[in-house]
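Presented below is the structure to which this report refers.
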Amino acid sequence: MAQNGSSKPGTSSGSSYQINTDSYTKHLKSFYESWRAHNSDLWASADAISISTPPSSEDLRYLKSSAMNIWLLGYEFPETIMVFTPHQVHFLCSPKKASLLETLKKPTKDAISAEVIFHIKSKNDDGTGLMDEILTAVKSDSGSAKPVIGHIAKEAPEGKLLETWSGKLTGSAYQLVDVTAGLSEILSVKDSAELTCVKKAAYLTTAAMKNFVVPKLEDIIDLEKKVSHSWLMDATEKAIQDPIKVKVKLKPENVDICYPPIFQSGGKFDLRPSAQSNDENLYYDSTSVIICAIGARYNSYCTNVARSFMIDAVPVQSKAYEVLLKAQEAAIGAVRPGNKVSAVYEAAVSVVEKEAPELVQNLTKSAGTGIGLEFRESGLNLNAKTDRLIKPGMVFNVSLGFQNITAASQNPKTEKFSLLLADTVIVGENGPEIQTGQCPKQLSSVMYSLKEEGDEEEETANRSQVNSDVNRSVSGPSKATLRSENHEMSKEELRRQHQAELARQKNEETARRLAGGGPGSGDARGPARASSELVAYRSPNDFPYSKELMIQVDSKHEAVLLPIYGSMVPFHVSTVKSVTSHQDNRTCTIRIIFNVPGTAFNPHDANTLKFQGNIFVKEISFRSKDPRHSSEVVQQIKTLRRQVASRESERAERATLVSQEKLQVAPSSRMKPMRLPDLWIRPSFGGRGRKLTGSLEAHINGFRYSTARPDERVDIMYGNIKHAFFQPAEREMITLLHFHLHNHIMVGNKKTKDVQFYVEVMDVVQTLGGGRRSALDPDEIEEEQRERERKNRINMEFQTFVNRVNDHWTQPQFKGHDLEFDMPLRELGFHGVPYKASAFIIPTSTCLVELVENPFLVVTLGEIEIVNLERVGFGQKNFDMAIVFKDFKKDVLRIDSIPSSSLDAIKEWLDTTDLKYYESRLNLNWRPILKTITEDPEKFIEDGGWEFLNMDASDSESEGSEESDKGYEPSDVEGVESESSDEASESESLVESEDEDVSEDGSGADSEEEKGKTWEELEREASNADRENGDESDSEEERGRRRNVKKSATFSGSAKKSATFSASAKRRGNFGPGPSKRPKMR
């Protein structure tokens, strides 16, 4: 494959492609700045630079010319010649390519003040005349009779066009120099968009190794399949090129392999990057080593990972691997800004010299290379000779190995082995960032044991007699099983181990936090408005004139005027607690109750102490013969009171708001506008008018949402955003952007921390008549197609907006805010009831969210103390989740009615995110628990911290009790019965007490069976008992029921024994269901 990129504009219609002019402008400026600043040392004093791209080929290779095409233009242009001079850029190409490149004229002029000149070659033209035009322009622009032309010396010309061009340049009229060093310099440091491509490629590479290569190898060896290295190579290549197979959502057209995947085993190893997988079968006998190396590309940017797996490793193999792992970690640690490239290899060598000097001769001569558009970037070889400085933005393939180490083995396929480890590392501002670190490489993760099933018991019996340094080999297994040291334990056991470590860390963290003054309970209520602030009339002139003594309501001054002893007395409406009216035959009574300071209604009123000697009116009543006026007055008072209360509530909410910075609107000339139109907002602005859609715009320091109404506007500052989410519509009706804020803001008259902007991607359509339409109806098919297109278009518009905002957030001034749009991971979602209705709750990388139904749910994972899974047990269809926050003043969040089928997935997610979880069979009352913890944190820590929630301990105790029960054999039934009768509580069932009476005379199971009473005896005893208790008047039905009870009391010795053991289990605290043979009352 000749091209580095997957797109080939030269081979298709130019209208199908579009060059990103922003990226082109940025990279072109970087190119010319480096050329002008370092012309003498990096660019060999070149007057012009020529980059010629060969024809397309199916061979997999990396060319500097192809990399420059993709870096500058976004695509590779085969059979195209580019010549750069200080004031001109020349393109010699076909008409189709020229039409696509036409858009570069203005950006080139703006970026470097240079002119773009096209030299269009027809199909049958050899291009000689056009080449002469270019060289003449080079001479003219350089002002030299023999200009210096830079080119890529190592790339031999291919095809008639490039051979002709090479012949022109090698003439005596020009001086050729190699500018590979300069091109390598500008390609080595990646910008944010390039690093994003590297990260996506690394994610795909990691997923292919974890989700395809390792499971495939384990399956092959476990089932003893005969599979060749080349077959594995082809299968892995197909998996990488179809990302969905490795559970990665990337478009297949944007991904490719970096090289054919490499699989090696059987003693034949080649650690060079050019190694290939042969046709020999995978060798996986004892003491063998398997090396796997794969690489994936995204938008032509490469990544790489390599791992070595050992089967029944001998000590020399284990030691060599541990040394190699330490050496690679030291090499990665040296990949820091400011270090020399040579320091990376030197760090690895120093570790090997210290840990295993005898292996220095087997160490690879390099620790890797730079990686990017080329798999091996020239000039960035991680060896002892490269003295270039490491810069932020560089990307390295840190690859170390031991070649041909001798092992004590008589088998020619295992007498020599090699090891290889490789990872993709980005150089960050503060140090290395390993992009393929999710592929396990610890010794326990790559060592496998190949044994027969019977060998495990034999090895366990002889383990104390066998020296740990002796190699344990297996001879001739008939049915082998492959088990990694990690996989010897189930997932549940691994989770338990990890959770035990998390429990220890969590208890230490909680102890430190509580010891430093943990959160206590406090009164969250704000101070009430004092009565002294309630002034209806500032001066007598404001008092309204009234001819009649009747109740009046002054809405302007928010007052109620009441006639008292011949005078109109004003009361502020806020002093009115309630007003009611009652109408009898002739009169109507109005009753007004006032807020009185010092009562339970208003205990925080400062006037309680200030006006202790005053007399307050608590209640007043009026009678009227005009019921119409009375009802009007009551309604007016209630309406005014409601309006004032609403205004005061809003004022109180606004008083707690944190003042925000002012929005800096971006001028269109400085910043390309980022805008999403026709959005709805939640919470809505309110009001009685028709709701309107608005536009969301991203400015310099915040977002602004506005509608056509001037008073409907919301500003969200970037500094106030705690979490930002983008959720495209998949199974929902809306595509949304959601912002969870640090501090509340006002949306209309609502105070909120969550603001959401959304678009409905489907129209709700109801068919008139209620009839069902056929799935093959053309109108139905067309309508579904329109809906899909609309949904995809809206999702793409949102995605473009999100990408542009993310790029804007990468600027230095936003670094401290740690802003980035997060997307919910739908495959980890589960159903539950966080509030009142069922919802689909989805984790993200930092939160647990539900963003479709209102009220929204946003839980920051970093704020969670522990998670308790409640009502967990066999036979339960649902369970609950209680989330305890680190701030104990916050109420525990409950998510109820989660299906039990989601339990394992939730446990795995919690464990992966390092959240400690517990399980319990009952729901807990968390308020008194948290109150007890905060009141006495020392006792909480002394008692083991959160371990009181650990259900495993109680389960183990219960299991121990059950085992002791199983091992207990009673010497005689009589002894067991006496013990159970002594310890049984008064609440034992009637059947159990009668059982003991029945079997008192028996001494064993056989005697009980033989001496069972007949029906006549039972009937006679029942009649006697009735006469003694005075129940002779019982009906025949009652006597029949009593006979049935007596019948069920006569049971076999084995059933009696089970009932006795059940009583024993109850004494030991096992409150589970009894044995199946336990008699039941009918």
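The values are calculated or read from the model by the stated rules, or taken from the named source; none is laboratory data. This is a predicted model, so every value here is computed, not measured. FYI the Cβ positions are ideal-geometry reconstructions off the backbone, even for glycines, and counts take in every protein chain you see. We work out accessible area using only protein heavy atoms, side chains counted, and drop any ligands, DNA or RNA first. Shrake-Rupley method; radii C 1.70, N 1.55, O 1.52, S 1.80 Å.
Give me the accessible area of W680, 1.4 Å probe, in Å² rounded to the nearest 10.
90
Where the accessible area of the range 21-187 is counted over protein heavy atoms with a 1.4 Å probe, how much of it, in %, is carbon and sulfur?
Exposed carbon and sulfur together represent 49 percent of the surface.
Restricted to Cα positions, what overall size does the range 99-233 have along the principal axes? Three whole-Å values, descending.
73, 35, 31
Hey, what's the Kirkwood Rh for the range 192-448 if you take every pair of different alpha carbons, in angstrom?
Details: mean 1/r = 0.0547 Å⁻¹.
Computed over the range 192-448, the radius equals 18.3 Å.
Rank these by accessible area, largest first, 1.4 Å probe: L910, L861.
Ranked from most to least accessible, the order is L861, L910.
Can you list the HN-Hα couplings for the range 614-623, worked out from phi with the Karplus curve (6.51, -1.76, 1.60; θ = phi - 60°), rounded to whole Hz and with x for Gly and Pro?
6, 10, 10, 7, 8, 7, 8, 10, 10, 10
Could you list which residues have their amide H under 5 Å from that of F879, counting only those 5 or more apart in sequence or on another chain, with H placed in the peptide plane?
S897, I898, S900
When Lys and Arg each count +1 and Asp and Glu each count -1, what net charge do the other residues less than 9 Å away from L676, Cβ to Cβ, add up to?
Charge balance in the 9 Å sphere: -2.
For the range 574-587, in order, what is each residue's ³J(HN,Hα) by Karplus, 6.51 cos²θ - 1.76 cosθ + 1.60 with θ = phi - 60°, in whole Hz (x at glycine and Pro)?
5, 7, 7, 7, 7, 9, 9, 9, 9, 10, 10, 4, 10, 10
Once the piece of chain linking S113 and H582 is laid out straight, how much longer is it, given 0.36 nm per residue of separation minus the C-alpha distance between them?
160.0 nm
Please report, as a whole percent, how much of the solvent-accessible surface of the range 192-448 comes from carbon and sulfur atoms (probe radius 1.4 Å).
Carbon and sulfur atoms account for 50 percent of the accessible area of the range 192-448.
When all alpha-carbon pairs of the range 828-946 are counted, what percent fall beyond 24 Å? Spell out each step's value before the answer.
Values: 1765 of 7021 pairs.
Cα-Cα pairs in the range 828-946 separated by more than 24 Å: 25 percent.
In a shell of Cβ-Cβ distance under 10 Å around A193, excluding A193 itself, what net charge do Lys and Arg (+1) and Asp and Glu (-1) give?
Working: positive: K26, K190; negative: D22, D191, E194, D807.
Around A193, the charge tally is -2.
Out of every Cα pair in the range 217-315, what percent are spaced more than 25 Å from each other?
That tail contains 23 percent of the Cα-Cα pairs.
Can you send over the solvent-accessible area of M550, 1.4 Å probe, protein chains only, in Å² to the nearest 10?
60
Give me the one-decimal nm value for the distance between modelled label points at N743 and L922, 7 Å along each residue's Cα-to-Cβ direction.
So the two model labels end up 4.5 nm from each other.
Could you work out how much longer the chain between S838 and S900 gets when fully extended? Use 0.36 nm per residue separation minus the Cα distance between them, nm to one decimal. Walk me through the numbers on the way to the answer.
On the way: separation 62, 0.36 × 62 = 22.32 nm, distance 1.48 nm.
Full extension of this stretch gives 20.8 nm more.
Using amide H atoms built 1.01 Å from N in the peptide plane, name the residues 5+ places from V747, or on other chains, whose amide H lies under 5 Å from its own.
For V747, the qualifying residues are T752.
What is the percent of Cα-Cα separations in the range 21-187 that go past 26 Å? Don't skip to the end; give the middle numbers.
Details: 2896 of 13861 pairs.
So the pairs more than 26 Å apart make up 21 percent of the total in the range 21-187.
Could you work out how much longer the chain between S34 and K939 gets when fully extended? Use 0.36 nm per residue separation minus the Cα distance between them, nm to one decimal.
Gain on extension, S34 to K939, equals 319.2 nm.
Which whole-number value in Å² is the accessible area per residue of the range 192-448, probe 1.4 Å?
39
I need to check one value: relative contact order of the range 21-187, counting alpha carbon pairs closer than 8 Å and at least 6 residues apart, in percent.
Across the range 21-187, relative contact order equals 29 percent.
Once you've got the Cα coordinates, tell me which of K506/K890; K340/K391; K750/K791; K890/K931; K216/K247; K199/K391 are over 21 Å apart. Present the calculation step by step, with values, prior to reporting the outcome.
Working: K506/K890 18 Å; K340/K391 9 Å; K750/K791 31 Å; K890/K931 11 Å; K216/K247 15 Å; K199/K391 18 Å.
The pairs that break the limit, which is 21 Å between Cα atoms, are K750/K791.
With label points built 7 Å along Cα→Cβ from the Cα atoms of K391 and K340, find their separation and express it in nm.
1.9
For I371, which sequence-distant residues (separation of 5 or more, or a different chain) have an amide H within less than 5 Å of its own amide H, given hydrogens modelled in the peptide plane?
Sorted by chain and number, the residues that satisfy this are E377, V395, F396, N397.
Rank-order 434-440, 333-339, 276-282, 393-399 by packing density, defined as the average count of other C-beta atoms within 10 Å over each peptide's residues, highest first.
Descending mean neighbour count gives 393-399, 434-440, 333-339, 276-282.
Using a Förster distance of 56 angstrom, determine the FRET efficiency expected from the C-beta separation of K247 and A145, and round it to 0.05.
Calculated transfer efficiency: 0.35.
Calculate, for Q438 and R793, the FRET efficiency according to 1/(1 + (r/R0)^6) with r their C-beta to C-beta distance and R0 35 Å; round to the nearest 0.05.
On the way: r = 34 Å, r/R0 = 0.97.
Computed FRET efficiency for Q438 and R793: 0.55.
When ranked by the protection proxy of mean other Cβ atoms within 10 Å per residue, highest first, what sequence do the peptides 579-588, 705-714 form?
Working: 579-588: 12.8, 705-714: 14.4.
Highest mean packing first, the order is 705-714, 579-588.
What is the packing order of peptides 874-886, 364-376, taking the mean over residues of other C-beta atoms within 10 Å and listing the highest first?
Put in order of decreasing packing, that is 364-376, 874-886.
Which whole-number percent is the relative contact order of the range 170-271 (Cα, under 8 Å, 6+ apart)?
Relative CO of the range 170-271 lands at 24 percent.
Okay, which of the range 98-112 sit inside 11 Å, backbone N to the point 7 Å along the Cα-Cβ direction of D191?
none
Taking every pair of distinct Cα atoms and averaging 1/r, then inverting, what Kirkwood hydrodynamic radius in Å comes out for the range 849-888?
Roughly 12.0 Å, rounded to one decimal.
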